[in-house]
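Chemist: Once you've had a glance at the structure underneath, I'll fire off some questions.
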Amino acid sequence: MVFIVFEGIDGSGKTTQVKLLEKYLVSKNKSVLLTVEPQKKPIGNLIKNLVRFNDTPKEAIALLFAADRVDHVKNTLIPNLDEYDFILCDRYYYSSYIYQSLQGCEEKWIEEINKYMIEPDLIILIDVDADDFLKRRGENKVIFENMEFQKKAKEKYLEFAKTTKKVVVIDGSRSVDEVYNNIMGVVNEKFNF
Ligand code: ADP
Ligand code: TYD
């Protein structure tokens, strides 16, 4: 099994690309499990409501993302490790590391509350400018969706990318097809098929 995580700022194209990669892998007769964080389950739904308002303490938000992730890991990822050729995940622990630390939570503590996560094989970081985010999404759907925050998130993602060979940075400012071809090439090369 190969476990691939998609990361990037809001509106960077993760959902679009993860679905295209799923389709491609299925066309190659691979079995694929596609998952997303926050999950479409009670804790994830609670998070989606809370991040529309500003008054939930950042620590509570971080704990809820971590709780949703424990459920994701224990109830979905671990039971399916031997069931699929590929598991693709739209956001994962790295979103907490970037977003919750930018909100002011301590990095060590974020790591601690997420210690049950399992490591992916590859992290595809779709890099776009915050201007692209604004064009694609518009501001203020959730508390993180403002230009200043997204600019900082982009920079922090790129800093993080320098710290591990697991990350491949993809230029997401190109057309959907160009980004897709780039990702497909990376996956083919890394996993030899
Ligand atoms: P994310 O999951 O990272 O938030 P989405 O895949 O939902 O991003 O894309 C956000 C919006 O931008 C959608 O309306 C999508 O159709 C559009 N979009 C995605 N990729 C591109 C691209 N390469 N160029 C222009 N628009 C894009
Ligand atoms: P979502 O609508 O799924 O955003 P997107 O389509 O851009 O992925 O909302 C998730 C929001 O929550 C998004 O702004 C990123 C943020 N987030 C965190 O702050 N921490 C996390 O651990 C995760 C998984 C997401």
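Chemist: Is there a residue in segment 14-26 that is acidic (Asp, Glu) and within 15 Å of ligand 2 (Cβ to nearest atom)?
Modeler: No: segment 14-26 contains no residue that is acidic (Asp, Glu) and within 15 Å of ligand 2 (Cβ to nearest atom).
Chemist: Suppose the filter is in contact (Cβ under 8 Å) with a residue 60 or more places away in the chain, surrounded by fewer than 18 Cβ atoms within 10 Å (Cβ to Cβ) and either among the polar types (S, T, N, Q) or more than 10 Å from ligand 2 (Cβ to nearest atom) (or both); does PHE3 pass it?
Modeler: Judged against the criteria, PHE3 is not a match.
Chemist: To continue, here is another question. What are the pairs, 6+ residues apart or on separate chains, where a residue within segment 163-188 that is farther than 26 Å from ILE118 by Cβ and hydrophobic (A, V, I, L, M, F, W, C) has its Cβ under 7 Å from a residue that is part of a helix (DSSP H, G or I) and within 16 Å of ligand 2 (Cβ to nearest atom)?
Modeler: Within 7 Å, the pairs are VAL176/THR16; VAL179/GLN17.
Chemist: So which residues in segment 97-133 are in contact (Cβ under 8 Å) with a residue 24 or more places away in the chain and within 16 Å of ligand 1 (Cβ to nearest atom), if there are any at all?
Modeler: ILE98, TYR99, ILE123, ILE124, LEU125, ILE126, ASP127, VAL128, ASP129, ALA130, ASP132, PHE133
Chemist: Name the residues in segment 70-101 that are closer than 18 Å to SER12 by Cα and aliphatic (A, V, I, L, M), would you?
Modeler: Matches in segment 70-101: LEU88, ILE98.
Chemist: Which members of segment 104-116 meet the condition of being buried (at least 17 other Cβ atoms within 10 Å of the Cβ) and either in contact with a His (Cβ under 8 Å, 6 or more places away or on another chain) or part of a loop (DSSP other than H, G, I, E, B) (or both)?
Modeler: Passing the criteria: CYS105, ASN114.
Chemist: What number of residues within segment 117-135 are of a type in the set (D, E, K, R) and either part of a helix (DSSP H, G or I) or under 18 Å from GLU59 (Cβ atoms) (or both)?
Modeler: 3
Chemist: Is it true that some residue in segment 125-144 is modelled with pLDDT of 95 or more, within 20 Å of PRO38 (Cβ to Cβ) and surrounded by 15 or more Cβ atoms within 10 Å (Cβ to Cβ)?
Modeler: The answer is yes; a qualifying residue exists.
Chemist: Shifting gears a bit: For segment 29-41, which positions are loosely packed, with under 14 Cβ neighbours inside 10 Å and either closer than 27 Å to LYS152 by Cβ or away from ligand 1 (no atom under 16 Å from the Cβ) (or both)?
Modeler: Passing the criteria: ASN29, SER31, LYS41.
Chemist: Among PHE149, PHE144, PHE160, which is in a helix (DSSP H, G or I), within 13 Å of ligand 2 (Cβ to nearest atom) and in contact (Cβ under 8 Å) with a residue 12 or more places away in the chain?
Modeler: One residue alone meets the criteria, PHE149.
The values are calculated or read from the model by the stated rules, or taken from the named source; none is laboratory data. These numbers were taken from a predicted model, which means no experiment stands behind them. Every residue, glycine as well, gets a Cβ built from its backbone with ideal geometry; the counts of neighbours run over all protein chains shown.
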